[in-house]
Structures are given as structure tokens and as C-alpha cells.
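Only one structure is covered here, and it is reproduced in the block below.
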Amino acid sequence: MKLYNTLTREKDELPAPILQKSITMYSCGPTVYDETHIGHMRKFTMDDVLKRSLRFLGYEVKHVMNITDVGHLTGDDDSGEDKLEKGAKKQGKTVWDVAKEYEEKFWDTMKALKIDQDDIIVMHATQCIDDMIALNKKLEEKGFTYQTDEALYFDVTMFDGYGKLSGQKMEDKKQAVRSEVNIDPGKKHPADFALWFKKVGRFADHTMHWESPWGDGFPGWHIECSAMAMKGLQSETIDIHTGGIDHIPVHHENEIAQSEAATGKPFVRWWVHHAFLQVDGEKMSKSKGNFYTLKDLYDRKVDPLTLKYLFLQTHYRKPMNFTWEAAQAAAKAYEQLQSIYYDLKQQANGTKITHAQDLSGTAQFMLNTFKKDISDDLNTARLLGNVWYMLKEEKLKPEDQLFLLDHVNTIFGFNLSGKEHNESIPDEIQSLADQRLQARTEKDFQKSDDLRKQIENNGYTIEDTNDGYVIKKK
């Protein structure tokens with residue numbers, strides 16, 4: 001498999017599974033101070049598809065993702081407030097309640113996208129404070145830090161490789177000049193970043209704080225990821241690190257500096273970055289009214305899995321523009337794929353191919369084509385095109401096509417069989433079932449129970465499954 005590596009600016013080939021069976025992977029996770037939106041959905045969908053693709057190609061994958069529940073300031077350059085503190089003030093809640101609420105909503109969204117929480121080693125920043133302190137101590141012992149009245153800083157001038165990920169030169173780094181931005185007068189270089197904030201000045205009333213050798217306070221955002229990645233993956237060098245392109249110039253640059261300064265080893269072998277998602281050609285924001293979440297999908301009766309189909313039509317390194325019209329078009333294509341899958345199962349009439357060597361020559365060629373597509377820097381758009389080409393191939397038997405679709409289902413997590421028993425269900429009953437699924441996702445169990453009774457009163461039964469639900473006529 002070849003992946004575009006931000007560090008080398010080339011598609012770098014991973015060692016074949018026979019040479020390196022296991023891959024370690026770290027994903028920058030959510031900062032749980034606000035709703036999970038469709039931009040997040042795209043990023044975490046593609047992380048999941050990357051992991052699924054690696055396994056499809058024969059690798060074992062150990063995947064760690066962090067939950068940032070402290071220390072992420074509104075400015076990546078150590079300016080502004082802690083996002084959790086800001087969210088708590090705005091909502092009149094405790095920071096702990098805010099973190100708990102939005103983490104639950106995040107996992108509800110991942111569940112709707114069929115992204116398995118149990119398949120991820122989840123690391124919470126607040127549960128790894130000792131590991132961050134230990135890493136900071138190591139940096140201090142090696143002479144990479146200095147203290148001010150406000151914080152413990154990493155001195156970027158002491159690390160020769162600073163800027164190698166972004167390509168930005170040290171002299172291009174400028175101190176923020178806006179009047180509302182805090183500037184620590186003791187900070188030596190604009191690019192120096194905080195490893196530990198002291199509970200003084202603007203952070204004197206910070207709710208989350210811990211004792212440390214540098215005083216009572218809390219960790220900087222950047223040190224959190226390095227400590228959690230190394231702890232969760234049990235290695236000082238990891239294979240793949242994913243994140244958004246906005247993390248390249250500051251957050252990931254700082255992760256490299258502090259990690260490699262502490263260990264003397266390369267921190268990450270492949271840096272994988274996802275491009276932005278826009279909405280109707282604009283940046284997503286609540287003020288513009290284009291900040292869409294799982295609830296908005298359900299309100300518009302859009303299955304989250306059809307959004308997954310939409311994401312896969314654009315390469316992960318290309319910017320993507322979301323519109324509701326595009327979502328509806330993706331829904332039709334996804335539902336057609338589900339219907340074809342159901343029809344193929346009927347046509348195969350119990351005949352099932354379980355090994356690739358039993359496929360026809362044409363089917364084996366298509367399977368190899370799928371592998372080439374996914375191995376070429378995760379070319380999901382080309383793979384989707386070849387899926388539709390395969391389904392129109394007259395030489396293929398239904399059981400061949402079913403075998404190939406099962407593999408596509410494995411790579412993308414499409415849940416193609418999720419509603420195969422619901423084909424002849426009336427629209428009004430299907431609508432009640434979808435509303436009930438939404439209610440269950442939102443943990444509104446009273447509404448869920450009322451909707452189940454409505455379905456049963458209309459002569460149908462509904463059974464919950466791992467993939468959603470199955471409806472049958474009584």
C-alpha cells in the first residue's frame with residue numbers, strides 16, 4: 001500500500017504484510033466541548049476506511065485515538081481560553097459535565113456511521129496526566145525547556161528539525177499581534193509552545209488542574225498527543241498518524257519536536273492528513289447556519305451511512321463541498337447498492353463463494369483491481385467507480401458479484417445487508433422505524449417505546465440488531 005506522506009511529500013510504500021504484519025496507528029480525536037459535525041464525520045470515516053483497508057490487504061492494525069478533555073486552547077499558539085472551560089461557561093455547566101455530554105454525542109455519531117468504538121484504544125487526556133509530566137521531565141533533563149512565570153515551554157531553537165513537516169522556516173513564525181491575544185512576556189521565540197500551563201494569571205481559576213514539578217496547573221495540548229500515542233501504542237515510534245490539514249503547521253509540528261527531542265527516535269513514519277469539508281462553498285459555522293450534526297441528518301431523513309457513501313466519492317486529500325442535494329443523490333446510489341446486494345443474494349440462491357481462488361478469472365481480476373485502487377493512497381472514488389463497473393459486467397455470476405460486494409462492504413463498512421428484510425415494508429412503517437432508530441440513538445427511550453407500539457399496532461414487529469433493525473409483518 002502507498003500512502004501520501006506529508007513529511008516526505010510523496011506516496012511512500014508501506015512494507016508488505018509479510019515483512020511488517022502489524023501497523024500502529026494514532027488518530028487525533030475530538031476535543032469534547034461542542035457537537036460533532038459533518039466535517040468531523042468525514043475525517044473519522046476516512047480514518048476507519050484506512051484501518052479497514054489495511055486489514056483487507058493483510059495487515060494487523062492497532063489503533064489508538066485520544067479524547068481531548070483538557071488543555072486545548074482556542075488558539076493553537078497558546079493563546080485564548082481552554083475550549084472546555086469556555087464551553088462550560090457558555091452552557092452554565094461544569095467542565096466535567098460538558099466533556100461527558102459531548103463525548104457521548106461523539107460516540108453516538110460514530111455508532112450511526114458504523115465505526116466500532118470497541119475497535120479503538122481510547123485515551124483520555126485527563127487520565128494520562130502522569131505520562132505527560134514524565135515526558136516533560138525528560139525534555140527538561142535534556143535541556144529542551146525553560147520556565148516563565150506562566151508556563152513551562154519547549155524551546156524550538158534547540159531542536160534542529162523544527163519545521164520539517166510544514167516546510168515553514170523558523171523566521172516565518174510570528175508572534176500574534178491582536179490586542180485580545182495573551183502574549184507571555186517571558187516567551188523567547190514566537191514558535192515556542194507550552195508543555196505545562198501554571199494556574200496563574202488568565203488560568204488562575206482553571207477548574208481542571210494537577211500538581212507538577214512546575215507548579216499546580218494543566219498540560220499543553222501538544223504534549224497530550226505525544227504522551228497518549230506512545231502510551232497507547234507502547235512504542236516511541238508509530239507507523240501512521242492521522243489528522244486534519246489544519247494540524248500540520250503547529251500541532252503536528254510540535255508533536256514531532258517534543259517527541260523526537262525526548263526519545264531521540266523518529267516519532268511517526270507516515271503522516272496522513274485529511275482536507276477540509278465545506279458546506280455550500282463556505283466554511284462551516286454556527287453563525288452561518290450551516291453547522292450540521294447527526295440530528296440534522298435525522299431531521300432531514302438522511303441515513304448517516306449515505307453520508308459515508310458521499311465522503312468516499314472524493315479523495316481524502318481533496319477539499320469537499322457538502323450540499324443537501326449531493327447527500328440526496330448519494331442516498332439514492334447507496335440504497336440502489338443495498339437493493340442490488342439483496343437481489344444478488346436471492347439470485348445466488350444459497351450458492352456462496354468463500355475463497356478468492358474459487359472466483360472466475362474476470363472476478364479475480366476485479367478483486368485485484370479493488371486492491372490496487374485502495375492501495376493507491378486510499379483511492380475510494382476510483383474503487384466506487386469500479387464497483388459499479390463490476391455490477392454491470394455480464395460475465396460475472398451472481399455469487400461472484402456477491403463475493404466482491406462483501407469485500408467492498410468490509411473495506412467501507414457500508415452495512416449493505418442492514419435493511420435487506422425490509423424491502424416490502426410500507427413507507428409509513430419504514431418512516432416510523434427510522435424515527436425510532438433516531439430516538440434510540442438520542443437515548444429517548446420513551447419515544448422509542450411509543451414508536452415500537454405504533455409499529456406493532458399496524459401489524460408489524462421490529463427487532464433491533466447490531467446493524468440497525470429488522471421489520472417483519474406479523
Query raised in the report: Farthest toward the dipole's positive end in segment 421-473, which of Gly468, Asn458, Pro426, given Cβ charges of +1 (Lys, Arg) and -1 (Asp, Glu) about the Cα centre?
Result: Asn458
Requested in this report: With a cut-off of 13 Å, note down the residues of segment 110-150 whose backbone N falls inside the zone around a label point 7 Å from the Cα of Lys199 toward its beta carbon.
Outcome: none
Report task. Have a look at Phe414, Phe193, Thr207 and report the one farthest towards the positive end of the charge dipole of the chain, computed about the Cα centre with Cβ charges (Lys/Arg +1, Asp/Glu -1). Result -> Phe414
Query - For the chain, with +1 on Lys and Arg beta carbons and -1 on Asp and Glu, the positive-most of Ile23, Met123, Met366 along the dipole - result: Met366
**Report entry** For segment 62-93 and segment 268-317, distance of Cα centres in Å
**Finding:** 21 Å
Query raised in the report: Label 7 Å along Cα→Cβ of Gln336; segment 398-416 residues with amide nitrogen under 19 Å?
Result: 401-402, 405-406, 408-409, 414-416
Query raised in the report: For His355 and Ser287, FRET efficiency with R0 = 56 Å and r from the beta-carbon atoms, rounded to 0.05?
Result: 0.50
Requested in this report: Note the full-extension length gain between Asp160 and Lys90 as 0.36 nm times their separation in residues minus their Cα-Cα distance, in nm to one decimal.
Outcome: 21.0 nm
Query - Set of segment 255-274 residues, backbone N closer than 16 Å to the point 7 Å along the Cα-Cβ line of Gln234 - result: none
Query raised in the report: Using a simple charge model, +1 on the beta-carbon of Lys and Arg, -1 on the beta-carbon of Asp and Glu, nothing else, what dipole does the chain show about its Cα centre, in debye to the nearest 20?
Result: 860 debye
Query - Estimated [θ] at 222 nm from DSSP helical runs (n ≥ 4, -39500 (n - 2.57)) normalised by residues in the chain, nearest 500 - result: -13000 deg cm²/dmol
Report task. Write down the Å³ per residue value for the convex hull defined by the alpha carbon atoms of the chain. Result -> 154 Å³
Report task. Please give the contour-minus-distance gain from Tyr146 to Lys100: 0.36 nm per residue of separation, less the Cα-Cα distance, rounded to one decimal in nm. Result -> 13.1 nm
Query - Qualifying trypsin sites (Lys or Arg not before Pro) in segment 1-83, DSSP loop, other Cβ atoms within 10 Å at most 15 - result: Arg9, Lys21
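Bear in mind these aren't lab numbers, they're just calculated from the coordinates by the rules spelled out. Treat the numbers as computed from the prediction; the structure is a model and nothing was measured. Cβ: placed from backbone, ideal geometry, glycine included. Neighbour counts: every protein chain shown.
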